[in-house]
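Student: One structure is given below, represented as structure tokens, and several questions about it will come after.
The values are calculated or read from the model by the stated rules, or taken from the named source; none is laboratory data. The structure presented is a predicted model; accordingly, all values stated were derived computationally and were not measured. Note that we place each Cβ from the backbone using ideal geometry, even for glycine, and neighbour counts take in every protein chain shown. The accessibility values were calculated without ligands, DNA or RNA, using every heavy atom of the protein model including side chains. Shrake-Rupley method; radii C 1.70, N 1.55, O 1.52, S 1.80 Å.
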Amino acid sequence: RGELVAAYLKGELGVEAYLDQLASHSGQYSGFNLLVGDGQHLGYLHARDATPRLLEAGVYGLSNAGLDTPWPKLVKARSGLEGLLETPEPQRLLALLADNEPAADGDLPETGVGVATEKLLSSVFIASQNYGTRASTVLIVDDQGRRQLIERSFGPFGGHLGEVEFAV
């Protein structure tokens, strides 16, 4: 699925045209959520829905389900992000993404994987042997167009593997 991003970046289609084209054959890929933008427009496509959307200005949340699916971790992270937007500081944003507190049992969704797995998957940062958060990325674009990107990489059980920072 990584080719979906590369194809957009290498191609000449705009956001809408690219997502429309991709929607016609999105079933050829395993499940995905894709955001593509050009600085003016941001588009979204969910593989299973295959209905491209241009997003209005606002704050959204995206996890393994569709955009803004009200899972506890998504609601918590989106709320935390909204509180940090006035003065976005990379370390505070990364701390938000590192939250490993699971949801209360009564707040767990029922996706069919059992309570123990629901609990494991309910935190913003997931750490286990075979499944979990593998990268946390913060991208800040200020009103002057300056960009700062920080990405932390993780291995099994959330072990920190490294960090990359890029600013322009």
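Student: Averaged per residue, what accessible area in Å² does segment 21-60 show with a 1.4 Å probe, protein chains only?
Tutor: 61
Student: Once you have the Cα-Cα distance between ASN130 and GLN148, take 0.36 nm times their residue separation minus that, and quote the gain in nm to one decimal.
Tutor: 3.4 nm
Student: Between LEU120 and ASP105, what is the spin-label point distance in nm, taking each point 7 Å from the Cα along the Cα→C-beta axis?
Tutor: A separation of 1.9 nm, rounded to one decimal place.
Student: Only one of the values [x] 1.10; [y] 0.98; [z] 0.93 was calculated from this structure for Cα Rg over 2.2 N^0.38 Å; name its label.
Tutor: So the calculated entry is the one marked [x].
Student: Here's another thing I want to ask about it. With a 1.4 Å probe and all protein chains left in place, how much of the accessible area of the chain comes from carbon and sulfur atoms, in whole percent?
Tutor: Roughly 51 percent of what the probe reaches on the chain is carbon or sulfur.
Student: Relative to the Cα centre, what is the charge dipole magnitude of segment 1-138, using +1 at the beta carbon of each Lys and Arg, -1 at the beta carbon of each Asp and Glu, and rounding to the nearest 20 debye?
Tutor: 360
Student: To the nearest 10 square angstrom, how much accessible area does PHE154 have with a 1.4 angstrom probe?
Tutor: 30
Student: Which value in nm describes the separation of the simple spin-label points at VAL164 and ALA6, placed 7 Å from the Cα toward the beta carbon?
Tutor: 1.4
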